[in-house]
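Bear in mind that the values in this text are calculations on the coordinates, not laboratory data. Just so it is clear, the structure is predicted and the values come from calculations on it, not from any experiment. All Cβ positions, even for glycine, are placed from backbone atoms using ideal geometry, and neighbour counts span all protein chains on display.
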Number of protein chains: 2
Amino acid sequence: MNCEVVAVGTELLLGQIVDTNSSWIGERLAEAGIDSFHQTKVGDNFDRMFAVISQAIERSDAVVVCGGLGPTHDDITREVLAAIMGTELVINEVVAERIRSIFTDRGREMPGNNLRQALVPAGSHVSPMIPGTAPGLCCPVGESSGESSKVVYAVPGVPWEMKVLMEQWVMPDLAERAGITQVIKSRTLHTWGDSESGLAEKLAGDIARLDESGHATIAFLASVQDGLKVRITAKASSSEAVSQILDAEEHIIRQSITPGSVFGIDGETMEAAVLKLCRQRGDTLVTAESLTGGMVAAKLASVPEASDVFKGGIVSYAPEVKFNLLGVPEGPVVSVATAEQMALGACEVLGATCAVATTGVAGPDPLEGHPPGTVCLATAVRGKVESMQAELPFSREQVQQFSTLTVLNNLRHRLI
Amino acid sequence: MNCEVVAVGTELLLGQIVDTNSSWIGERLAEAGIDSFHQTKVGDNFDRMFAVISQAIERSDAVVVCGGLGPTHDDITREVLAAIMGTELVINEVVAERIRSIFTDRGREMPGNNLRQALVPAGSHVSPMIPGTAPGLCCPVGESSGESSKVVYAVPGVPWEMKVLMEQWVMPDLAERAGITQVIKSRTLHTWGDSESGLAEKLAGDIARLDESGHATIAFLASVQDGLKVRITAKASSSEAVSQILDAEEHIIRQSITPGSVFGIDGETMEAAVLKLCRQRGDTLVTAESLTGGMVAAKLASVPEASDVFKGGIVSYAPEVKFNLLGVPEGPVVSVATAEQMALGACEVLGATCAVATTGVAGPDPLEGHPPGTVCLATAVRGKVESMQAELPFSREQVQQFSTLTVLNNLRHRLI
């Protein structure tokens, strides 16, 4: 079974919007074991959409068309699909009623052109859910005989609407058509401590073993901002069985990589993990930042309900703020001693049991004789400080991001 | 003239990497007045690459193939292009010598497979610059007669290498082939103060006028993080003439929109604009953040050489930090009075002449009876405070981003 993706929208071709939808859909298809050999962007133009979608139907078993289902006149995916099916657009009264009620519920009048979204090609199936104001469409196509083996799905281009329809409707339907009776699940381990190549080396044996057995796969995804992700995907005949495989593989993988480097599972961020550990131990947390200029604090504050643990921070960008507010002795500031006193000072001034602190040279210029990329990171836990110094061969932005993640990870290791 | 883009790489189809290259190329083509009707992703597979690139040649005047020029065996763009041209791969000695010297200069030994990158289809032209270790290729294709009217460009998939080759080599060559003797330039006005629809309304007359005269175009790009961008693109026979048009249009557009809403030109950020204004006036700047939890400070610290103006900040996430450190009177903290005292307190504690301060309810839960999205923003300039309160119908993240940009913009207005 293979399925290709057609993303519709002139704004995608003009580069005004990056097409992230087809990447996301490609990822879901790969997880489900469905091949995707082509992904195409095409503008809001009848003839070109007709040609591109027709070709997609010809060379693939299924097609997902994303976009062009809005209420305005340049949204013509419905018209193109009807033409490809050789049929007419008809009003679907169930959809029309739902669209009307969406507007009524919000106490707003429905613009007349929104009813365009209730037009569907005769013979198509409409998704049972309407996340926004447009339903998804499933259009049988291909052989002109009664039984059609191919389908085109149409989903809106608004990412969250597309995701709801793909996850709850298109993917299960595709799996059924593909005769995939197995359940497929993924688990992502978020790690920090190994490099991408280091991780690949440590897991080479596991990857080879899984390649042979075929009951799970491993993929890597690196990011200076979120850490290195290891995604395990497995198939089995039941949800319980697949969970068992994932549990077993997670256990094996954790033993192959640097101990304690997994900080979160399935979207749990470093900042959420650190806040959770503090909460469990009854600790409170503050920050003292020079190098990272507030990035660590901003990450902690981005977590909803951080406020029971995260008390605040001091951005001591200027040396005199370090001296006057954090009790750092006057002198050079790029040193682990400075970072340590910043952490202790922040605990005292802001009233907390734990602190992270960063100082160093983000670049582009050297400072106090230290090259750009020199970072000094410290953590304080109930009066005891630890620190490290490193030289990072990165850009200014990457130095700041890497230090943010690392100093939080250092604290995490101490709290475990 | 039209040009389509083929992005090569199985990792793109699998969604492991989002294809931002073809969006970026699409934007450059649009600026140059070259149409791009199709953009396709295809995996590292000979037959499918051959089919996709051949079709692209058939329906377009030019094709840019992006990716598949690396040194490993799954990088087969060279082989596919040679097959399409009906020719052989030959070693280009100039390129081979350059690749060797790149490794020698870095004191590293060249892995043997890097010489693959010196293989080029016989009859193709090689780019004069090699930003990484692979040159760009320009392959005449199409009619089998001596004079070929169509070309395929191949550039590496590494974004910065691709950009250098596109800007310095492909775009000028394409313009020449398209007979575009005119110079095309863009200017982007970064604005904050009008909504996207408000801006579109205010500029409707200008857009209509330019649609008619055809000597410039206007495009919008909205972002809660960077503000609303208005891009003017113009063509003329010389660089001076096009600059004159851009100057004239910028002048007209500035008069159509909210006075003072333009905070930067061509990539100048809000934070850089504010720091520059402070610097010019001899002011120093600090932050006091609750709602935004360090995001304003992090933005200011992301600007290289911010340190002469930006002294630091206090993230007063917990109420007691506001009371103890910033001198806010004990009591409710979601108020403009609190924001004002935070700004004044930060100036005093951190020693600066200007401050911005944020408090409010990022959400998801209400606080002190105020709904999520309630924001109180204050600015202090040499002892005088001003403030505002608003209710934003946004998500937590957007509330924080919007407030960050707005409080900096408020200070900017006061400093002008």
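For the stretch A:270-415, a simple Cβ point-charge model (Lys and Arg +1, Asp and Glu -1, everything else neutral) yields a dipole of about 540 debye relative to the Cα centre.
In this label model, A:Q225 and A:Q280 are separated by 2.8 nm, measuring between points 7 Å along each Cα→Cβ vector.
For the stretch B:1-112, what D do you get in µm² per second when you plug the Kirkwood radius from alpha-carbon pairs into Stokes-Einstein at 4 °C and 1.567 mPa s?
Values: Rh = 15.6 Å.
Calculated translational D: 83 µm²/s.
Using a cut-off of 18 Å between Cα atoms, the listed pairs A:K163/A:K299; B:K185/B:K229; A:K185/A:K229; A:K41/A:K185; A:K311/B:K322 include A:K163/A:K299; A:K41/A:K185 as exceeding that distance. Note on B:K41, B:K163: ascending count of other Cβ atoms within 10 Å places them as B:K163, B:K41, the fewest first. The residue in chain A that lies nearest, by its beta carbon, to the axis linking chain A with chain B is given here with the distance in whole angstrom as A:G294, 2. For A:A122, the label point sits 7 Å beyond Cα toward Cβ; its separations from the matching points on the remaining copies run 6.0 nm, from shortest to longest.
Annotation: amide H of B:I314 within the under-5 Å range of A:V315, B:T287, B:A288, B:E289, sequence separation 5 or more or interchain, hydrogens built in the peptide plane.
When the P(r) of the stretch B:135-266 is calculated, the portion above 25 Å amounts to 44% of the C-alpha pairs.
Couplings 3J(HN,Hα) for the stretch B:121-132, derived from phi with the Karplus relation 6.51 cos²θ - 1.76 cosθ + 1.60 (θ = phi - 60°), are x, 4, x, 8, 9, 9, 5, x, 10, 10, x, x Hz, where x marks Gly and Pro.
Taken as Cα centroids, the stretch A:350-380 and the stretch A:228-256 sit 38 Å apart, rounded to the nearest whole angstrom. Residues whose amide H comes within less than 5 Å of that of A:G264, counting only those at least five positions distant or on another chain, are A:H190 (H built at 1.01 Å from N in the peptide plane).
A point 7 Å from Cα along Cα→Cβ stands in for A:E201, and the other copies hold the same point at 6.2 nm, listed in rising order. Checking the a/c ratio against 1.5 first, then a/b against b/c, what shape does the Cα gyration tensor give for chain A? Prolate is the answer for chain A, as a/c is 1.5 or above and a/b outweighs b/c. Taking every DSSP helix (H) stretch of at least 4 residues in the protein assembly as shown, weighting each as -39,500 (n - 2.57) and dividing the sum by the residue count yields a mean residue ellipticity at 222 nm of -11500 deg cm²/dmol. In units of the compact-protein estimate 2.2 N^0.38 Å, the protein assembly as shown shows a Cα radius of gyration of 1.01.
With charges set only on the Cβ (+1 for Lys and Arg, -1 for Asp and Glu), what does the dipole of chain B come to about its Cα centre, in debye to the nearest 20? Rounded to the nearest 20 debye, it is 820 debye. The amide H of A:V6, built 1.01 Å from its N in the peptide plane, has A:T40, A:V64, A:V65, A:C66 as neighbours under 5 Å, considering only residues 5 or more places off or on other chains. Couplings for the stretch A:3-11, taken from phi via the Karplus curve 6.51 cos²θ - 1.76 cosθ + 1.60 with θ = phi - 60°, read 9, 10, 10, 10, 9, 9, x, 4, 5 Hz in order; Gly and Pro are left as x. Neighbour counts of C-beta atoms inside 10 Å place B:R231, B:R116 in the sequence B:R231, B:R116, starting with the fewest. For A:A222, inter-copy separations between label points set 7 Å beyond Cα along the Cβ vector come to 3.7 nm, shortest first.
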